[in-house]
Amino acid sequence: MPQTVSVNGREYRVPKQPTVVFTIDGCEPAYLDDALARGRMPRLERMLARGGAYHLGRAHMPTLTNPNNMSIVTGVPPSVHGIPGNHCLVPGHAEPVQLVEPSFLRAQTIHAALKQQGCNVLCVTAKDKLRRLLGSGDVPSVSAEKAGDLGIEDLVGRPAPSIYDWDLSHYAMQIGLAAHRRGQAPIDLLYVSLTDFVQHKQPPGGELADCFYSRFDELLGDYLDEGFLVGITADHGMHAKQQPDGSPRVHYLEDLLNAVGVRDSEVVLPITDPYVLHHGALGSFAWIYCAEADVERAREMLAALDGVEEVYTRVEAAVIYEHPADRIGDLSVASDARTALGLSLSKHDLSLVATGLR
């Protein structure tokens, strides 16, 4: 077996010991900082004290699950791997589609390249929407969300929690560890992607957040004791997007575009996915499709909104955000950390985020 593999123009070392990468969905660094400061993550603290490194990184825009998980497992930006959102308009499709099929992926994953060289690899995701993308290249991939349908519960030794359970992420971690311990051969490279239901519902220091990170730390210790080399990252952060009274702070872009006469337009929110209880299908990034004659008028209106940070044309966004130009809108709109973007007030059920939009 070679010592390195080349994937998308980069060289990666073939693992010499079992290696796991955890992507903690929605893990704003403040969650870890708070938990470490209050002594709630002793295994992570010990790992760092014994030579581990803790650095802040930058996510790809839009900071969502699908594009950033794919950037992590391919090592390249969306302009190369082809996944700029959870959901987008794809040439040849009349309606926006969920980017969940391997056919949408334009780059090889690191796991697939290692598998070709004879390494034992596995991808585990809490959310089933990632499973097929992570499985590109015949990589074994399973989801905690569908564990009950696949007989995985016997492997773990307990029933799978629901998609809206604070413990589903830990179940995904347990799947990976059980597969390593009970499989025919040890796993060389394991990828475990968690879910951010807790982070969408509570800030650092919340009771549920404390439970989440304490349990993560316990399972981290199990992996370390098993001899794993561990990497921990996140696909995006998390901020409250609320008015002073706690109600959601949202700009509804379809309504605003109609108000300035841009009527033959379409707004696509790339955050769109099946898990509306997480975020009410509200996000911080949008694509606007409109007639060429309306682009500048729409851009001026959007850029003037309090809480909108950036508005770029397709050409600009493809360069600045490293996006595939054929899968983004005529305009790309990004809000600030305290503001969400929606379609129309009539199209979002705000009762889903009544306890506070994050």
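In plain terms, the residue of Arg38, Arg297 with the fewest other Cβ atoms within 10 Å comes first and the most crowded comes last, giving Arg38, Arg297. For the chain, the longest principal axis of the Cα atoms and the long axis of helix 65-74 meet at an angle of about 50 degrees. Taking other residues whose beta carbon is less than 9 angstrom from the beta carbon of Ala291, and scoring Lys, Arg as +1 and Asp, Glu as -1, yields -4. When restricted to Cα atoms, the chain yields an Rg and a Dmax of 20.7, 63 Å, respectively. Mean sequence separation of contacting Cα pairs (under 8 Å, at least six apart), scaled by the length of the chain, corresponds to a relative contact order of 23 percent. Ranked for footprinting exposure by Cβ neighbours inside 10 Å, fewest first, Thr109, Thr19 give Thr19, Thr109. Here Asp33 and Arg297 are evaluated by their C-beta separation; at R0 = 35 Å the FRET efficiency comes out at 0.20. Roughly what angle does helix 168-182 make with the longest principal axis of the chain, taking Cα atoms, 0 to 90 degrees, to the nearest 10? In the chain, helix 168-182 runs at an angle near 30 degrees to the longest axis. Annotation: aspartates and glutamates with alpha-carbon distance below 16 angstrom to Lys129 (same-chain offsets under eight excluded): Asp25, Glu101, Glu145, Asp149, Asp196, Asp235, Asp273.
FYI, it's all coordinate maths here, none of it is from the lab. Remember, it's a predicted structure, so these values are computed and weren't measured experimentally. We place every Cβ from the backbone using ideal geometry, glycine too, and count neighbours over all the protein chains shown.
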